[in-house]
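See structure below.
The values are calculated or read from the model by the stated rules, or taken from the named source; none is laboratory data. Just so it is clear, the structure is predicted and the values come from calculations on it, not from any experiment. Here the Cβ positions follow ideal geometry from the backbone for every residue, glycine too, while neighbour counts run over all protein chains shown. To get the accessible areas, we keep the full protein, side chains included, count just its heavy atoms, and leave off ligands, DNA and RNA. Shrake-Rupley method; radii C 1.70, N 1.55, O 1.52, S 1.80 Å.
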Amino acid sequence: MEDNKLFAEFPPVSTEKWEEVINKDLKGADYEKKLVWKTIEGFKVKPYYRAEDLEHIEYLNSNPNQFPFTRGKQADSNTWDIRQDIQEKDPVKANTFALDALRRGATAIGFCAKNISTEDEMAALVKDIHLPAITIHFNCAKKYIDILKLFVAVAKRNGFDAKELKGSVNFDIYSHALKHGKFWGGENGDLDEAAQLVNYAHENLPNFRVLSVGGSLMANAGSNIVQELGFSLAAANELMAKLSERGIDVVTIAKNIVFNFAIGGNYFMEIAKIRAARLLWSKIVEQYKPSCDCAYKAFINSTSSTWNKSIFDPYVNMLRTTTETMSAAIAGADSISTGAFDTTFKQADDFSYRIARNQQLLLKEESYLDKIADPAAGSYYIENLTDSIAQYAWKNFLAVEEKGGFANAIREGFVQDEISKTAQQRDMEIATRRTTIIGTNQYPNLTESMNAKIEKHECCCCHAEDGTEIKTIKPYRGAEAFEHLRLATEQSGMRPKVFLLTYGNLAMRRARSGFATNFFGCAGYEIIDNNGFATAEEGVKAALDAKADIVVLCSSDEEYADITEKACQLLKGKVKSIVLAGFPKEMVDTYKGYGVDEFIHVKTNVLESLTNFQKIMGIMK
């Protein structure tokens with residue numbers, strides 16, 4: 001039978017031919033500016049990739065479950081633990097949440113063990129859980145070695161072999177120092193406890209991992225992807241170096257490390273990040289010459305980023321966590337903790353926990369993402385992103401090594417300063433709406449009110465900062481500054497009225513009234529839109545009848561000349577602010593002379609402008 005390849009009759013098209021067509025369509029516009037994306041991580045992403053772009057990537061010749069493990073640790077599947085992290089501190093209540101989660105599809109539970117100090121309390125926490133079948137994680141504790149001992153005692157009491165049990169403890173030396181300003185027990189004290197935990201687990205809980213590296217803290221403080229990855233690898237490498245100096249076998253150390261990465265909304269980049277993490281970790285561990293290939297296999301727990309979540313329009317958080325969970329699953333994370341959509345303003349409840357679990361269950365049971373090893377394999381785009389992220393993360397890793405290791409780098413403030421620079425850049429992109437947070441800085445729900453729904457709650461590990469020897473980094477959400485403005489409006493009991501004085505060309509007045517609606521809606525103002533007015537006088541009368549606080553002129557640049565002067569004459573002193581939607585460059589000074597106070601347009605720093613309006617309205621000082 002003749003083997004005819006599909007589309008064999010079509011001749012191949014070279015990259016040069018593609019580029020000719022693209023440049024023709026650009027009509028002289030700058031190719032780099034129009035089509036090449038420079039990421040916040042610092043590298044460039046081309047508008048398209050071809051097979052030839054894979055030729056320089058070395059790891060492509062390896063299979064899944066082969067060094068350097070870029071393509072994952074499973075040869076013929078892609079399964080992961082569906083992890084439910086429970087913030088409840090009371091052991092009885094936490095157990096109730098856990099049993100419900102396990103009945104409904106969770107395969108791993110993360111407990112807050114902060115209030116667990118006796119064997120009976122531990123027994124209450126894990127009551128009726130068949131421990132050999134479930135992965136148990138302890139996210140927070142006063143002393144992790146005591147928690148492990150209590151866990152082993154209860155497991156034996158319930159007739160389980162502790163050596164068969166799987167799980168981890170979130171003992172994270174460096175995240176604690178970055179969050180609280182000092183090492184828990186002094187750096188050496190922390191390392192002493194780390195060694196103690198590793199040795200105890202090796203003897204009693206060989207399937208537990210007791211050393212955490214919290215890249216998620218950095219990501220949620222505003223770092224970019226290559227910073228989160230590069231700095232995390234540097235922290236893990238320091239654990240390997242320091243503990244091996246104490247005589248602990250490198251295989252034992254490596255098998256005890258958990259990488260906790262936050263997965264954000266940059267879908268393809270997050271897939272590539274996890275793949276790059278496995279690649280680089282295997283290269284680092286290779287230098288220690290381990291006696292077992294198992295040491296190369298990074299264990300990665302992914303959690304939904306909190307940085308990009310919002311209080312307003314909170315159901316959008318479900319969409320965010322869904323794509324984030326997909327990124328982690330496609331990339332081959334070992335366990336995934338999908339965040340509850342409502343934790344930005346309250347403690348998660350049965351409904352939000354259930355939604356978070358079901359997002360993973362749908363991806364497994366209906367989308368079959370757990371059936372194929374490395375489903376991203378061969379994608380020209382993702383493979384090149386993986387390579388670029390690996391290269392740039394490695395630069396961050398080397399920068400830390402040049403400082404003498406991670407502990408020295410955070411003592412100097414190097415890591416913190418680098419993250420701070422990126423966070424400021426990201427904040428500016430949100431303020432100017434180059435980065436969109438749906439429902440917060442763009443497309444707000446104008447009828448929504450959230451102030452009364454906000455409940456005070458905190459994570460189980462939160463406590464006051466207790467040291468100043470190390471500069472701290474603080475997790476925050478990118479939406480917070482805009483939320484502060486809108487909540488201030490709600491709390492003030494005032495709702496300034498923004499009247500849209502629309503005139504002239506239908507398309508332009510609708511476009512600019514839509515822009516103004518989104519603009520002022522972000523601060524929670526009442527928007528009064530209109531179909532259009534025949535004259536400036538007609539529009540001004542309607543605005544004054546509506547008792548408007550702000551009047552926004554919405555028309556085309558050409559037609560502003562017809563109405564601006566007259567509208568300003570009639571409005572001046574009768575409203576708090578006159579605004580023009582757009583930026584007719586040649587006429588700006590003239591219109592300011594007429595009485596226009598502000599021009600709003602796509603290049604406006606929206607956060608700064610709305611803050612000024614809040615002051616004009618008397619809502620903020």
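Which of the residue pairs 89/456; 142/182; 93/474; 182/289; 89/127 have a Cα-Cα distance greater than 22 Å in the structure shown?
Long pairs (Cα-Cα over 22 Å): 93/474; 182/289.
Can you give the helix-only mean residue ellipticity at 222 nm for the chain, where every DSSP H stretch with n ≥ 4 adds -39500 (n - 2.57) and the sum goes over all residues, rounded to the nearest 500 deg cm²/dmol?
-14500 deg cm²/dmol, from helical runs alone.
Note the full-extension length gain between residue 615 and residue 15 as 0.36 nm times their separation in residues minus their Cα-Cα distance, in nm to one decimal.
210.5 nm
In nm, to one decimal, how far is the modelled label at residue 399 from the one at residue 294, with both set 7 Å along Cα→Cβ?
3.7 nm
Rounding to the nearest 10 and keeping the result within 0 to 90°, find how far the Cα-based axis of helix 350-365 lies from the longest principal axis of the chain.
70 degrees
What percent does the relative contact order of the chain come to when contacts are Cα pairs within less than 8 Å and at least six residues apart?
14 percent
I'd like the orientation of helix 225-245 relative to the chain: the angle between its Cα long axis and the longest Cα principal axis, in ° from 0 to 90, rounded to 10.
Roughly 20 degrees between the two axes.
Under a 1.4 angstrom probe, counting protein chains only, how are 309, 163 ranked by accessible area, largest first?
Listed by decreasing accessible area, they come as 163, 309.
Is there a pair in 547/621; 156/273; 38/273; 34/403; 143/163 whose C-alpha atoms are over 28 Å apart, and which pairs would that be?
156/273; 34/403
Calculate what fraction, in whole %, of the accessible area of the range 26-150 sits on carbon and sulfur atoms when a 1.4 Å probe is rolled over the protein chains.
The value for the range 26-150 is 47 percent carbon and sulfur by accessible area.
With r as the distance between the Cβ atoms of residue 510 and residue 569 and R0 = 22 Å, compute the FRET efficiency 1/(1 + (r/R0)^6) and round to 0.05.
My answer for the efficiency is 0.25.
Work out the length of the dipole vector of the chain about its Cα centre, built from +1 on the beta-carbon of each Lys and Arg and -1 on the beta-carbon of each Asp and Glu, and round it to the nearest 20 debye.
Roughly 1000 debye, rounded to the nearest 20.
Efficiency by 1/(1 + (r/R0)^6): what FRET value for residue 204 and residue 100, r their Cβ-Cβ distance, R0 = 35 Å, to the nearest 0.05?
Here the calculated transfer efficiency is 0.75.
If you filter the range 373-463 for GluC sites (Glu not before Pro), then keep DSSP loop positions with at most 13 other Cβ within 10 Å, what is left?
Passing both the DSSP loop test and the Cβ count: 455, 458.
Not counting ligands, DNA or RNA, and with a 1.4 Å probe, what is residue 471's accessible surface area in Å² rounded to the nearest 10?
110 Å²
What FRET efficiency, computed as 1/(1 + (r/R0)^6) with R0 = 56 Å and r the Cβ-Cβ distance, is obtained for residue 50 and residue 417, rounded to the nearest 0.05?
0.90
What are the residues whose amide H is under 5 Å from the amide H of residue 166, where those residues sit 5 or more places off or on another chain and H is modelled from the backbone?
Amide H neighbours of residue 166: 136.
Ordered by residue, what ³J(HN,Hα) values in Hz, to whole numbers, does the range 370-385 give under the Karplus form 6.51 cos²θ - 1.76 cosθ + 1.60, where θ = phi - 60° and Gly and Pro are x?
8, 8, 10, 5, 6, x, 7, 4, x, 5, 4, 5, 5, 5, 6, 4
Using θ = phi - 60° and the Karplus form 6.51 cos²θ - 1.76 cosθ + 1.60, what ³J(HN,Hα) does each residue of the range 214-220 get, whole Hz, x for Gly and Pro?
With the stated coefficients, the range 214-220 comes to x, x, 4, 4, 5, 4, 7 Hz.
Rounded to the nearest 5, what is the percent of antiparallel bridges among the DSSP beta bridges in the chain?
5 percent
For the range 1-70, which GluC sites (Glu not before Pro) are both in a DSSP coil and crowded by at most 14 other Cβ atoms within 10 Å?
Hits after loop and neighbour filter: 2, 9, 55.
If I fit a long axis through the Cα atoms of helix 144-157 and take the longest principal axis of the Cα atoms of the chain, what angle between them do I get, 0 to 90°, rounded to 10?
Result, in degrees: 60.
Under a 5 Å amide H to amide H cut-off, with H placed in plane at 1.01 Å, what residues pair with residue 303 once short-range neighbours are removed?
Amide H to amide H, under 5 Å and 5 or more residues apart or across chains, residue 303 pairs with 261, 262, 263, 337.
Tell me the carbon and sulfur percent of the accessible area for the range 229-305, rounded to whole percent, probe radius 1.4 Å.
For the range 229-305, the apolar C and S fraction of the accessible surface comes to 47 percent.
If the chain between residue 468 and residue 434 were fully stretched, how many nm would it gain, using 0.36 nm times the residue separation less the Cα-Cα distance?
Fully extending the segment from residue 468 to residue 434 adds 8.7 nm.
Please list the non-local residues whose amide H lies under 5 Å from the amide H of residue 577, H modeled 1.01 Å from N, same-chain partners needing a gap of 5 or more.
Correct list: 551.
From the phi of every residue in the range 585-599, what ³J(HN,Hα) in whole Hz does the Karplus formula 6.51 cos²θ - 1.76 cosθ + 1.60 yield, where θ is phi - 60° and glycine or proline is x?
3, 5, 10, 4, 4, 4, 5, 4, x, 5, x, 5, 8, 8, 10
Percent of accessible area on the range 477-602 owned by carbon and sulfur, 1.4 Å probe?
50 percent
Going 7 Å from the Cα of residue 351 along its beta-carbon direction, which residues of the range 279-312 have the amide nitrogen within less than 16 Å of the resulting point?
Correct set: 312.
Residues of the chain: accessible area per residue at 1.4 Å, in Å²?
Ligands and nucleic acids excluded, the figure is 45 Å² per residue.
Need one number: nm distance between label points at residue 594 and residue 120, each 7 Å from Cα along Cα→Cβ, rounded to one decimal.
Distance between label points: 8.0 nm.
Looking at (1) 29; (2) 33; (3) 20, which value of percent of Cα pairs over 43 Å apart comes from a calculation on the structure shown?
Identified label for the calculated read-out: (2).
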